[in-house]
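Colleague: Quick one: the structure is below, and I'll ask about it shortly.
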Amino acid sequence: MRRLLWVLLCVCHPFLSVHAENLTATESPVNALDRLAEQAPMLIIGELHGTRETPALVAELARLWADRGAVQVGLEIPAQEQLRLDAFLRSAGVEADRQALLVGEFWQTPHERSDGRRSEAMLALLESLRSARVAGAPIDVLAFDDAAFHGPATDRNARMAERLRLAHEAQPQTRTIVLTGNYHARWTVPGSVRPQSVPEGYAPPKPMAAYLRELGVRTVNVSAREAGFWACLRDQPCGPQQLPAQPIVDASLLTTLDGPDRD
């Protein structure tokens, strides 16, 4: 996979974009995210699933914020995995601990049905958070998805938002970093969707972030000029995909990238 050239499309305010080339000579992507988040209680980071770079960015940001206070990292993983996640964070991180985490149904999904949330990069994120926590960093992980949220009669975005809201209300002094598919990080429903990504007649739901707006959250879409990622497209097995080269990246790319994810 080609190395990502970071572009942070911040929709904290309408269509504010920050390009990598506009960062200061010494400003890293994590410092740019930290600056854009200001003192928001929750930062929602939208991604194309299946990259190495975005989970690594989340790990670095969580460790930075943990130097200032308690941090919760929300991951788009079913709550059925929460006990195993908690146990791994408390563990020594040896191979037996890793295998105890991976025995969960979420991690056992076959590649041809996996949408990119299960990866070595996600495991590396959890390991980074585990090692920071063992060293004394006040970091927790919240699995805010749920196996029960999937299905045509369920508003998954609304229910994931409610889980994040309840976690925030339970610990209002804890800042939250949420890593999620970039559709869920949107403020609004897109005007159009890519037909190859969804079933015919699909109506895009209200995105998760839109339900949390009044909490003062910030939301950022992490994109790239060129990148490989993992996705599920209609009538195709899930697998590696290539983001078309973008000679100019601006706020209009939000609509292009924020197609509905299927998982």
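Colleague: Order the peptides 137-146, 176-185 from the highest to the lowest mean number of other Cβ atoms within 10 Å of their residues.
Modeller: The most tightly packed comes first, giving 176-185, 137-146.
Colleague: Would you order 215, 48 from fewest to most other beta-carbon atoms within 10 Å of each residue's own beta-carbon?
Modeller: Starting with the residue having the fewest Cβ neighbours, the order is 215, 48.
Colleague: If each residue's Cβ is checked for other Cβ atoms within 10 Å, how do 30, 220 rank with the fewest at the top?
Modeller: 30, 220
Colleague: Multiplying the sequence separation of residue 155 and residue 120 by 0.36 nm and subtracting their Cα-Cα distance, what value in nm do you get?
Modeller: Going from the current span to full extension adds 9.7 nm.
Colleague: Near residue 82, within a Cβ-to-Cβ distance under 12 Å, what is the net charge of the other residues, with Lys and Arg +1 and Asp and Glu -1? Kindly include the intermediate steps, with their values, before the conclusion.
Modeller: Values: positive: 84, 163; negative: 81, 86, 140, 145, 146.
Taking every other residue near residue 82 into account, the sum is -3.
Colleague: Could you tally the net charge around residue 135, taking each other residue with its Cβ under 14 Å from the Cβ of residue 135, Lys/Arg +1 and Asp/Glu -1?
Modeller: Working: positive: 63, 90, 130, 133; negative: 67, 127.
Value of the local net charge: +2.
Colleague: Would you tally the net charge around residue 94, using a Cβ to Cβ cut-off of less than 12 Å, leaving residue 94 out, and scoring K and R as +1, D and E as -1?
Modeller: Charge balance near residue 94 sits at -1.
Colleague: Which far-off residues, 5 or more places away or on another chain, put their amide H under 5 Å from the one on residue 76, with H placed in the peptide plane?
Modeller: When sequence neighbours closer than 5 places are left aside, the close amide H contacts are 179.
Colleague: Given H placed on each backbone N at 1.01 Å, which residues far from residue 176 in sequence or on other chains put an amide H within less than 5 Å of it?
Modeller: Answer set, sorted by chain and number: 42, 43, 72.
Coordinate-derived values only; no laboratory data. Owing to the predicted nature of the structure, the values given are computational and were not obtained by experimental measurement. No Cβ is skipped: glycine too gets one built from the backbone with ideal geometry, and neighbour counts run over all protein chains shown.
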